[in-house]
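These notes are about the structure you will find just below.
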């Protein structure tokens, strides 16, 4: 609603200038004090943890397929020497094992740092 230039009475709104009204989902109460980004249009599916997990599973499957292609394309046998032990294995498998070992080291040190920070937060000074 807008006011006339004289300030006496509200001027009539032009047709079609009203904001669209959306009804709340069945079983929910209408939101009060909603922010600009919180309104949903009818038929929009909310983002949930399950949806994020589904998307992460799809991304993981794509990464696994790419990894499988990498391993299948790098089948040349190479000699691996580690602490005096020597053995032969395909190059793709050797690189995959090295990546897994690196990821495990990062995970172990990351977990140790998280535990250290949790203890510091709990400990009163």
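All of the numbers you see were taken from the coordinates with simple rules; none came from a lab. Here the structure is a predicted model, which is why all the values come from computation and not from measurement. Please note: Cβ atoms are built from the backbone with ideal geometry, for glycine as well, and neighbour counts cover all protein chains shown.
Results, tabulated for the structure shown:
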quantity	calculated
Close pairs from segment 41-55: first free of Cβ contacts under 8 Å to residues at least 24 places away in the same chain, partner surrounded by 10 or more Cβ atoms within 10 Å (Cβ to Cβ) and assigned to a loop (DSSP other than H, G, I, E, B), Cβ under 7 Å, at least 6 apart	41/22; 42/22
Residues that are in contact with a helix residue (DSSP H, G or I) (Cβ under 6 Å, 6 or more places away or on another chain) and part of a strand (DSSP E or B), drawn from segment 78-125	78, 80
